[in-house]
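The block underneath contains the structure these notes are about, expressed in structure tokens.
Where a number appears in this text, it was derived from the coordinates with a stated rule and is not lab data. This structure is a prediction, so every number in the text was calculated from the model and none was measured. Positions of Cβ are generated from backbone atoms using ideal geometry, with glycine treated the same way; all protein chains shown enter the neighbour counts.
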2 protein chains.
Amino acid sequence: MAKNLNFYPVILAGGRGTRFWPLSRKKRAKQLLALDGKQTMIQQTVSRLLPLAPAKKFWIITNNDLRLAIAKQLTKLPKAQLLAEPVGRNTAPAVGLAAFLLLRENPEAVIGMFPSDHVIADEERYRETLQRGIDIAAAGENIVVLGIRPNRAETGYGYIEAGSAFQGPALRVRRFTEKPDAEKAAEFVAAGNYFWNSGMFLWSARTLADALREHLPKTAPLLEEIAAAFGTRKFSAVFRRLYPKCENISVDYAVLEPRSAKGDAGHIFCLPADFGWNDLGSWTALHEHHTAKASPPEGNLVACSGAFMLNARGNYIYAPGKFVAAVGVNDLVVVETPDALLITTRQHAQDVGKVVKHLDEKKLHKLT
Amino acid sequence: MAKNLNFYPVILAGGRGTRFWPLSRKKRAKQLLALDGKQTMIQQTVSRLLPLAPAKKFWIITNNDLRLAIAKQLTKLPKAQLLAEPVGRNTAPAVGLAAFLLLRENPEAVIGMFPSDHVIADEERYRETLQRGIDIAAAGENIVVLGIRPNRAETGYGYIEAGSAFQGPALRVRRFTEKPDAEKAAEFVAAGNYFWNSGMFLWSARTLADALREHLPKTAPLLEEIAAAFGTRKFSAVFRRLYPKCENISVDYAVLEPRSAKGDAGHIFCLPADFGWNDLGSWTALHEHHTAKASPPEGNLVACSGAFMLNARGNYIYAPGKFVAAVGVNDLVVVETPDALLITTRQHAQDVGKVVKHLDEKKLHKLT
């Protein structure tokens, strides 16, 4: 595949992924786990983008808890481009900083913004879609979002309402919506022109920088000042001093929603993505993902040294090194680590984040 | 309490207690576990009998897998009286051997046969009941069985049908019955004159020896020959050679059932036991036992270093040293050891023995 010389992947890897507790921890977040295959989620994210851009063009935005661990997992990437936010400020300042940094390096830079913890089944198709998006983003002030065709009335994602055709498979975006309720979600799926917001965007550094100057007029100059210090001795101090002053806001809310309100003048386009996307949002999603791939007997997925399942169906059990016996239990999620044991159900696995919230409140830092 | 100088406790400790897997193992059977309090089950068994007999009068019958561990737990008992059966032959040969051994030591010996893995709430009352039973057993050819007043239509125990009053609270025994079905068990409980067979018996060594000679004419001479070798250098060899030739049969089936068929001529008496007996037959029974004592919040019993329970009720979780989080789960039994993890329900905990059967079949000896 021909590489676009102006393409720079920017991977956002500051999330905590608390719903994978007790496996995920502050210093070992979801993106650092090998939830699907041998590579970790962030390693997979980089691997599937390497055919589109050389390692030296990757930027990773993460935090101080994860920086070292990520550096160890991604040894081929330039250390200097692995940035640790002094504090979390959501996606707008993170990708915005990348925009101002890249604008200095290459005025024609096209940024791809990628979450670091999703799985993609068909990587060829994924890169084809990206290539198309890069081309659209490279032409003027266009913003491209990858939209996932919904296969269920999911209430956990934002939706993109698409309008008329633009070029090739790309559609004009009418509107970004917040996470809907179940009824609304069902309507969206039935309508056929709604897509899940994948969190994957393509835009030129210039377009994004301009958008930030317009929509976040206080934050944009701070980011520009930080970017100007990059490569100098004072960078780290400037980063630490100014970044906390940036607004804590998502790029969706800061840029995409106001731009989409302009209609066609917003220049936002949706590329429908049909490459088998899964954000593995919970233990339940992970169970379903693996079950679909492997069809294990009775739907039991067990990571262990050996197992005996008796009248047990649909369980996800993670207890590496142990012999697991499950008798008369269905649809459970049980995850064991050296210091913790989680016992829940596939139905309740969404609530695992509440365990981490409890541990944070109780200051049980060793467990978080 | 006045000690009966002829009383000898014989504790049967050869059981495996597979329903407490993965905590119970061949070399760490249920009686060696501290399932209730700080002392192990067998230590409790000895402790509550010590006011009735000095340590030197205790005999323990166990097996080679457990002998060493038991010796470590019961350091005050005479090592020579801790016998390891070369093979398991059920209770008739075990207690029969004790009868022939004690007959040589003291022709007036009264034997109390005790399981090693039950709990007793009211120990004072227990000893009062035993004292009464010892007196009856010491007078001639009487056999005394401690009968537990049933509080539910349990199908897991044998029942004793009692008849007319004998002396004090003691009743004449009409009949021993096998484990009944649910309907029969309900009838027994409603009838009011049925008791659970506790497995605790009192009889003189002479009465038991005579009964074995009558009912197990091939086995009795073998036991007598083994007993004759006790204290000599050849004991161990004789034991190993002859014991496997003994019949594999319970004392209930070999002696008590045929004797009870004789009616009053059988001289069998039941002492109703109202001292809070529990045989802790499964994880479920253990959960109920502790819940009744401690009334934990939402009926959750959790052995751990810390816990967070969210929408969780009636669970028994054993994971010492770990932080346990249970979310949206009810009535589960989860037991974690360094090499194994059991996940079942209170309803299915009776089936845990099947796990051990599976492990035996697969020759996974490290786990059994």
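I'd like the mean, over residues of A:346-353, of how many other protein chain beta carbons sit within 10 Å of each residue's own Cβ.
Partner Cβ neighbours, averaged per residue: 3.
log₁₀ I(q)/I(0) of the range A:173-272 at q = 0.15, 0.17, 0.18 Å⁻¹, via Debye over equal Cα point scatterers, no solvent, to two decimals?
Normalising to I(0) and taking log10 leaves -0.74, -0.87, -0.93.
Can you compute the helix-only [θ] at 222 nm over chain A? Use -39500 (n - 2.57) per DSSP H run of at least 4 residues, normalise by all residues, nearest 500 deg cm²/dmol. Could you put the intermediate results ahead of the total?
Numbers: 11 runs with 113 residues, N = 368.
About -9000 deg cm²/dmol.
Of A:Asn64, A:Pro78, A:Leu102, which is farthest on the positive side of the dipole of the range A:33-118, counting Cα position, with +1 on Lys and Arg Cβ, -1 on Asp and Glu Cβ, and the Cα centre as origin?
Going by the charge dipole, the pick is A:Pro78.
Report the local net charge at B:Pro78: Lys and Arg +1, Asp and Glu -1, summed over other residues whose C-beta lies under 10 Å from its C-beta. Can you show the working numbers first?
Working: positive: B:Lys56, B:Lys57, B:Lys76, B:Lys79; negative: none.
Cβ neighbours under 10 Å give a net charge of +4.
Using a 10 Å cut-off on Cβ atoms, rank the peptides A:86-97, B:88-99 from the highest mean neighbour count down.
Ranked from most to least packed, the peptides come out as B:88-99, A:86-97.
Would you mind working out the magnitude of the charge dipole of chain A relative to its Cα centre, with +1 at each Lys and Arg C-beta and -1 at each Asp and Glu C-beta, to the nearest 20 Debye?
1420 debye
When you count, for each residue, the other Cβ atoms within 10 Å and take the mean per peptide, how do A:232-243, A:58-69 rank with the highest first?
A:58-69, A:232-243
Say a label goes 7 Å from Cα toward Cβ at B:Ala292 in every copy; what distances in nm does this one have to the rest, shortest first?
5.0
In the protein assembly as shown, if the dipole is taken from +1 on Lys/Arg beta carbons and -1 on Asp/Glu beta carbons about the Cα centre, which of A:Ala170, A:Phe269, A:Thr368 is farthest to the positive end?
A:Thr368
What are the distances, in nm and sorted shortest first, from the label point of A:Asp181 to the label points of the same position in each other copy, with each label point placed 7 Å from Cα along the Cα-to-Cβ direction?
5.4
Peptide A:311-322: average number of partner chain Cβ atoms within 10 Å per residue? Display every interim value, and only then the final one.
Working: counts 5, 3, 0, 0, 1, 0, 2, 1, 4, 0, 3, 9.
Taking the mean over all residues of the peptide, I get 2.
Using all Cα-Cα distances in the range B:259-309, what percent lands in each 5 angstrom bin from 0 up to the longest?
4, 15, 15, 14, 11, 9, 7, 8, 5, 5, 3, 2, 0
Percent of alpha carbon pairs in the range A:304-352 separated by more than 16 Å? List each step's numbers first, then the result.
Details: 450 of 1176 pairs.
Considering the range A:304-352, 38 percent of its Cα-Cα pairs are separated by more than 16 Å.
Based on the alpha-carbon set only, what is the convex hull volume of the range A:36-191 divided per residue, in Å³?
Per-residue hull volume (Cα only) is 148 Å³.
Tell me the Rg and the Dmax, in Å, that the Cα atoms of chain B produce.
21.1, 64
Taking a label point 7 Å from Cα toward Cβ, how far is B:Glu225 from its twins in the other copies, in nm, shortest first?
Its label point is 10.1 nm from the equivalent points in the other copies.
Greater than 32 Å separation of Cα atoms is the criterion. Which listed pairs, B:Lys57/B:Lys357; B:Lys30/B:Lys293; A:Lys293/A:Lys363; A:Lys56/A:Lys234, meet it? The partial results should precede the final answer.
Working: B:Lys57/B:Lys357 36 Å; B:Lys30/B:Lys293 20 Å; A:Lys293/A:Lys363 39 Å; A:Lys56/A:Lys234 23 Å.
Distance filter (> 32 Å) returns B:Lys57/B:Lys357; A:Lys293/A:Lys363.
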